[in-house]
Amino acid sequence: FRDGINLSYACSTRGEGGQNDIGTEAGADLGALRTAEMERAASVLGMRLYWHSESAEDTITDFGFSKSGADTLEKWGRERTLRRFVEIVRQDRPDIICPTFLDVPGQHGHHRAMTPLAHEVFEVAADPTFVTDNLEPWAVSKFYLPAWSGAGTSYDDDLPPPPASLTIPGKDADPLSGWGWGLIGEQSRVYHRTQGMGRWASATTRRDWDLHLAARRTDGDDEKVVSGLPATLADLADTVGAEAISAELHTSQQSVTQALECFPNSTAVSDCLRDGLRAIRAAIQDCPDQIRHRLSDKEKQMSRALRIALGISGHADPARRWVTRGERSELALSVDQGRADAADLVPLPEHGWLVEGSVLMVTPEAPLPTGYRAAFDPLDPPAPALSFRYCFGNVEAEDRIAFDNAPIALPQHAVSVSDARAVINLQTENRSVRLRLSGITPSGAEVSVDVPDGWQVKPDGPGLELIAPKDVVPSVYDFPLVVDGTPAHSVRRISHDHISPTARSVPAKVTVRVLSVSVPPVRIGYVGGGNDRLANWFSAIRADVTDLSKGGFNPEVLSKFDSIVVVILAMKSATVLIEKIRSLHRWVRDGCTIFTLYKRQW
């Protein structure tokens, strides 16, 4: 913010394999929730987002904690990940790339994978022989590494960071608000609630930030991040081919400088930005391709700043957040034009959505939500969105914004299954799976399961019972669900007060893994973390398991078990575990076994 750097962030995965500090979403549902959190957090900073993982089915996924970058890339597909990384760089056209973490032992394997890949992308993105669809090569000017250790409460960097080649001073504060830069950062981080982020950053925690210059295509010294780079609009006038727009570029830069000097006089700021917007548009008409993206970004930034300076505000509130295909919702629109000559707030529907007056209609062709977007730009949010269209001093402008709570299209035929994944162990007598159904759309519709010969489906109260043939062989079986004769979808609605509601709609099916596993006669005590299903899978293979998450760690109870399994986050959610930890220690010393999943030594 202070130095005027235009930021974007490319994230490898959606964090599907992580833990959820606020709810029960897990796997791809957690990925969708974390995607919404990242979008909200990035909006605070005005920062663009990209994901290497483009869908829930992508090979680039958070498969859980690892320590090896090489193993991570083997699972993701090294060529697939490299190509996606190059696509992002060529689309965004950054001057600088800087990984978040170092490739050192003790660091998370997903983080380690991205750092050496970034080194390669620095070279490959500029190589015209490396072809990506409809994207021209782009030469990044600088490559920095963090010159600080990532060791701490989450990771254990075993090697020291590289030497600092420059320092970004960060101990000062924003002169307008008085807030330290770290505290402004926490205003964004607080939206990562599934990871328990967001802490008050006091003045005593302010710090400088060291960077290590690992590669460059610039000349001269490197005293600042912007050394050797165009830092202002006026600097772009030195670009080859920009001679014809030199006057417009200097005029627009002068307008920006004056707007900053005039703040907080909104009237004067508005006049400056109006003139700057007019000049930047004139420059775009004849600018060389290598700076077009910079001017387009500046036009969006000026349009938003001018709208705010003019006091233009508004609100759009759909009567229904969740709208089934073929249905409609009233849309309450209000706008305050402030000091603009005219202003309006216009809904921008996406394909399959229609707006007639104050009514929002969702056609049967409307795309269903996946919860996964490949990119997000707070200055150009994806539809359905809203647009402030306004006029001031003979300059027309548009500022596109996201809904506070965007309406979401739902399928016309839907059903959810509480246990959509199940296990049948052939070394037990059980050959059936019970399906509990909910969310049936249309209400009262008939639900059936498409099964091959030999399998049976029977009514089971409000649900169904799926019965395997006696001679079923070990394998994975997928059974589609049908509602009123039409293939159905399952929808997971994801709504929390810190994000815009999101959802995942996937083809409705039941997946049954048939296996043959010998379960030893071991008595297992289980301490859960609140949102895992490990006890469910123990029970599914007919292991003798008892949930101890609520307590029962006295010697008499512990004597009944041979092994105890303690899962991730158990020390946080099952507080009785901490209270009775000494009893558990004595139990282990007496010869029993405890398994823990990803615990830190402290």
Beyond a 30 Å Cα-Cα separation, which of these cross-linked pairs lie in this structure: Lys142/Lys300; Lys67/Lys572; Lys142/Lys171; Lys75/Lys298; Lys67/Lys171; Lys224/Lys300? Lys75/Lys298; Lys67/Lys171
For Rg and Dmax of the Cα atoms in Å, the listed values are (i) 23.8, 78; (ii) 28.2, 87; (iii) 26.8, 82; which was obtained by calculation from the structure presented? (ii)
Taking a probe of 1.4 Å and leaving out DNA, RNA and ligands, the stretch 23-80 shows per residue an accessible area in Å² of 40
Hypothetical label at Asn265: residues of the stretch 305-329 whose amide nitrogen lies under 19 Å (7 Å Cα-Cβ projection): 306-311
With angles folded into 0 to 90 degrees, how steeply does helix 28-45 sit against the dominant principal axis of the chain? Use alpha carbons for both and round to 10. 20
What angle, in degrees between 0 and 90 and rounded to the nearest 10, separates the Cα long axis of helix 289-309 from the longest principal axis of the Cα atoms of the chain? 90
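Where only protein heavy atoms count, and the probe is 1.4 Å, what is the accessible area per residue for the stretch 178-247 in Å²?
58
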Can you list residues from other chains, or at least 5 along the same chain, whose modelled amide H is less than 5 Å from the amide H of Leu410? Val323, Thr324, Arg325
Using the Cα centre as the reference, give the magnitude of the dipole from point charges on the C-beta atoms of the chain (Lys, Arg: +1; Asp, Glu: -1; all else neutral), rounded to the nearest 20 debye. 2100
If we sort 213-224, 387-398 on the protection proxy, mean other Cβ atoms within 10 Å, highest first, what's the order? 387-398, 213-224
With every protein chain present, what is the per residue accessible area of the stretch 366-525 (1.4 Å probe, Å²)? 48
Can you give the FRET efficiency to the nearest 0.05 for Glu136 and Lys550, using r as the Cβ-Cβ distance and R₀ = 56 Å? 0.40
Which residues does the label zone of Asp336 cover in the stretch 267-290, counting backbone N under 12 Å from a point 7 Å along Cα→Cβ? none
How far, in degrees from 0 to 90, does helix 78-92 lean away from the longest principal axis of the Cα atoms of the chain, to the nearest 10? 30
Would you please classify the overall shape of the stretch 25-100 from the alpha carbon gyration tensor, given that a ≥ b ≥ c denote the square roots of the eigenvalues, rounded means a/c under 1.5, and beyond that prolate means a/b larger than b/c while oblate covers the rest? oblate
Counting only protein heavy atoms, what percent of the accessible surface of the chain is carbon or sulfur at a 1.4 Å probe? 51
Rounded to one decimal in nm, the spacing of the 7 Å Cα→Cβ label points at Asp221 and Gln427 is 7.2
Difference of contour (0.36 nm per residue) and Cα-Cα distance, Thr257 to Ser296: 12.2 nm
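State, as an integer percentage, the relative contact order of the stretch 299-352 based on alpha-carbon contacts under 8 Å between residues 6 or more apart.
Here the relative contact order equals 34 percent.
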Per the C-alpha gyration tensor (a ≥ b ≥ c, the square roots of its eigenvalues), the stretch 480-602 is rounded if a/c is under 1.5, else prolate if a/b beats b/c, else oblate; here it's oblate
Length-normalised contact order of the stretch 453-602 in % [C-alpha pairs under 8 Å, at least 6 apart]: 17
Could you give me the ³J(HN,Hα) list for the stretch 230-246, computed from phi with Karplus coefficients 6.51, -1.76, 1.60 and θ = phi - 60°, whole Hz, x at Gly and Pro? x, 9, 9, 4, 5, 4, 5, 5, 7, 5, 4, x, 9, 4, 6, 10, 4
How much length is gained on full extension from Thr596 to Asp238, taking 0.36 nm per residue of separation minus their Cα-Cα distance? 122.8 nm
Apply the a/c threshold of 1.5 to the C-alpha gyration tensor of the stretch 281-394 and tell me whether it is rounded, prolate or oblate. oblate
For a label point 7 Å from the Cα of His315 along Cα→C-beta, name the residues of the stretch 395-419 whose backbone N is under 14 Å from it. 404-405
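The values are calculated or read from the model by the stated rules, or taken from the named source; none is laboratory data. Please read these numbers as outputs of a predicted model, since none were measured by experiment. Methodologically, a virtual Cβ is constructed for each residue, glycine included, from the backbone with ideal geometry; neighbour enumeration extends over all protein chains shown. Quick note on the areas: whole protein, heavy atoms, side chains included, nothing else; ligands and nucleic acids left out. Shrake-Rupley method; radii C 1.70, N 1.55, O 1.52, S 1.80 Å.
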